[in-house]
1. Look through ASN34, ASN38, ASN48 and report the one residue that is modelled with pLDDT of 90 or more and more than 8 Å from the chain's Cα centre (by Cα).
2. On the basis of being on the phi > 0 side of the Ramachandran plot and free of Cβ contacts under 8 Å to residues at least 60 places away in the same chain, does ASN48 make the cut?
Amino acid sequence: DEFVRVHRSFVVSINHIKEVLKDTGGWQIITTNNKKINVSRSYTDVVNRFKL
């Protein structure tokens with residue numbers, strides 16, 4: 001598995017990313033088990049690389 005850091009507190013497996021959403025406060029990742037993880041501003045470049 002390949003993992004990406006999306007927040008200082010979160011590392012996510014690419015295989016478990018179901019959706020990437022743009023929210024008013026920034027980006028949010030929805031995982032395959034329907035957990036919502038906010039992407040910090042420092043890691044928005046990661047979202048651009050792995051936008052689904």
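The values are calculated or read from the model by the stated rules, or taken from the named source; none is laboratory data. Fair warning: this is a prediction, and the values are worked out from it, not measured in the lab. Cβ placement follows ideal geometry from the backbone for every residue including glycine, while neighbour counts extend to all protein chains displayed.
1. Testing whether each residue is modelled with pLDDT of 90 or more and more than 8 Å from the chain's Cα centre (by Cα) leaves just ASN34.
2. Spelling it out, it is not the case that ASN48 is on the phi > 0 side of the Ramachandran plot and free of Cβ contacts under 8 Å to residues at least 60 places away in the same chain.
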